[in-house]
1. Is the C-alpha gyration tensor of the stretch 6-64 telling us rounded, prolate or oblate? Criteria: a/c under 1.5 is rounded; beyond that, a/b larger than b/c is prolate, otherwise oblate.
2. Taking a point 7 angstrom from the Cα of residue 81 along the C-beta vector, which residues in the stretch 24-65 have backbone N less than 17 Å away?
Amino acid sequence: MSKYEVKVVAVNNTTVQGTCDGVDFEAVPFRWGGKMLMKVVADNSFSQGQKVAIGGAAKKALRSAEIELPKAELVRPRKPKAEEIVEAVAEQVVDPVSVEADTVEA
């Protein structure tokens, strides 16, 4: 539950309109890295807490209207994780036990 009074008035496609503590706002989706967030567009500047509350209420209103946000596709593909690289190198390493056994027998 938020300490801010956020009321959603209308949902048009992916645009959400409403009021927060008596001040009108409009929230539209935008991509931030791998996430889709709701950007608050208003004449007055809201505090960060109000923006977070508005974004949460806007996403909830979109879910209840059964409207999906666009997918947040990355512009550049991500680099492979370090674990994958270590595993690839480990497969290429020669087993030292079998090498020692061959040299001792000869």
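Read-outs: derived from the displayed coordinates by stated rules, not from any lab. This one's a predicted model, so the numbers in the text were calculated from it and none came from an experiment. Glycine gets a Cβ as well: all are built from the backbone with ideal geometry, and neighbour counts include every protein chain shown.
1. Working: a/c = 1.71, a/b = 1.19, b/c = 1.43.
Oblate, since a/c reaches 1.5 and b/c is not below a/b.
2. Answer for the stretch 24-65: 34.
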